[in-house]
Amino acid sequence: MKLNWNTEALSPGQFKIADYIQKNSQTVLFSTEQEIADALGLSIASVSRFWRTVGFKNIKDFKTKLRSQLDVTPAAKMKNIMDKADASPLPQQFLATSMRHLEETLTHYSADSFEAAVTALTSARRIYIYGPGPSAGLTELLHYRLGRFGLSLHRLDRGGSELFEDLLHLTGEDLVVLFGFVRLLPEAKVIVDHAKETGYRTLLITDRLVADFSDQCDITLFASRGETWEFHSMIAPTFIVENLIVAVGMRNQEDHLHKLNELNQLRKKYAQELPR
């Protein structure tokens, strides 16, 4: 379910509350203000003030509106109970959590945004990828797989003022893919701001449904990684990246398959010199 938050009026703490509600709307129906506050590490007063900021009298008024838009199923009620039960053994717990992240990602999946992302990737003169820290693996995966299709790619892996050395070469025909989890780093903010002046497009993959940077990029794809206090899984972001790779491959299939066949021929030709 998508709620129309007035993000300009929200404080950082209220962004956390809005994002939590957006991701856990079924659970919020059965939660008290204290439970929401405890889940987010905020004071109950912060949660109480939140409702008026977003246009409701109180939590009861909000739940009335929310209930009218949601189908409260028996499964949702049971899930609320199960979420509060004792944790299962570690492998099963991670499996259940991974499934939850994937389900949440699909719940908020936008076919239009995904198609726009694929079109942007296939039509860009050059694709730049910015994914610092734990996103480095996703950056490498995207760079490695899309490069096989003959697309022109470049990793933006220089931080601080050295980033300008790369930004200097971007044109309005380029695309920058950014991984922005929890918040945008200063370098990412500069990239987004520079895009407005230069005209290149930006594709953001993020785990925030409600954030002050959500509407600053041309295309945004959501991938659940858990709440801020949880272990941040890369299962769902990897799922999104791999789907983008396959979807890009399906565009211009003949050309892309030709490139893969050329790769296979090179492997065979130099198998003795460079064995796999």
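Things to note:
- Each helix, a run of at least 4 DSSP H residues, gives -39500 (n - 2.57); summed and divided by the residues of the chain, these come to -16500 deg cm²/dmol at 222 nm.
- Pairs with C-alpha atoms separated by more than 30 Å, drawn from the list LYS16/LYS65; LYS65/LYS196; LYS189/LYS259; LYS23/LYS60; LYS60/LYS196; LYS16/LYS57, are LYS65/LYS196; LYS189/LYS259; LYS60/LYS196.
- Relative intensity, log₁₀ I(q)/I(0), of the stretch 7-70 from a Debye sum that treats every alpha carbon as a point, q = 0.25, 0.26, 0.28, 0.29 Å⁻¹: -1.19, -1.29, -1.50, -1.58
- Near-label residues of the stretch 27-45 by backbone N, under 19 Å of a point 7 Å along Cα→Cβ of ARG52: 33-34, 37, 43-45
- Surface/4 estimate of mean projected area, convex hull on alpha-carbon atoms of the stretch 145-187, nm²: 4.0
- When SER224, SER46 are compared by accessible area at a 1.4 angstrom probe, the order from most to least is SER46, SER224.
- Percent carbon-and-sulfur accessible area, the chain, ignoring ligands, DNA and RNA, probe 1.4 Å: 54
- Taking every Cα-Cα distance in the stretch 176-276 and sorting them into 5 Å bins starting at zero, the pair-distance distribution P(r) comes out as 2, 11, 16, 15, 14, 12, 10, 9, 7, 3, 0 percent.
- Note on the chain: with a GNM built from Cα contacts shorter than 10 Å, the maximum mean-square fluctuation among GLU262, GLU140, GLU103 falls on GLU262.
- Legend: residues ASP19, ASP212, sorted from most to least accessible area (1.4 Å probe; ligands, DNA and RNA excluded), read ASP212, ASP19.
- Eigenvalues of the alpha-carbon gyration tensor of the stretch 92-270, scaled by 5 and square-rooted, set the equivalent ellipsoid semi-axes at 25, 22, 15 angstrom, largest first.
- D_trans [Stokes-Einstein, Kirkwood Rh over alpha-carbon pairs] for the stretch 116-190, 25 °C, 0.890 mPa s, µm² s⁻¹: 192
- Euclidean distance of C-alpha centroids, the stretch 172-251 and the stretch 126-153, integer Å: 13
- Only Cα pairs under 8 Å and 6+ residues apart enter the sum, and on that basis the relative contact order of the stretch 7-70 stands at 32 percent.
- Degrees between helix 136-147 axis and first principal axis of the chain (Cα, 0 to 90, nearest 10): 40
- Short-range pairs are left out: with C-alpha atoms under 8 Å and at least six residues apart, the relative contact order of the chain is 19 percent.
- In Å², nearest 10: area of MET250 left accessible to a 1.4 Å probe: 120
- Solvent-accessible surface of the chain, averaged per residue with a 1.4 angstrom probe and all protein chains in place: 56 square angstrom.
The values are calculated or read from the model by the stated rules, or taken from the named source; none is laboratory data. On a predicted model such as this, the values are computed, not experimentally measured, just so you know. Virtual Cβ from ideal backbone geometry, glycine too; neighbours counted across all protein chains shown. The protein model used for the area step is the full one, side chains on, heavy atoms only, and it has no ligands, DNA or RNA in it. Shrake-Rupley method; radii C 1.70, N 1.55, O 1.52, S 1.80 Å.
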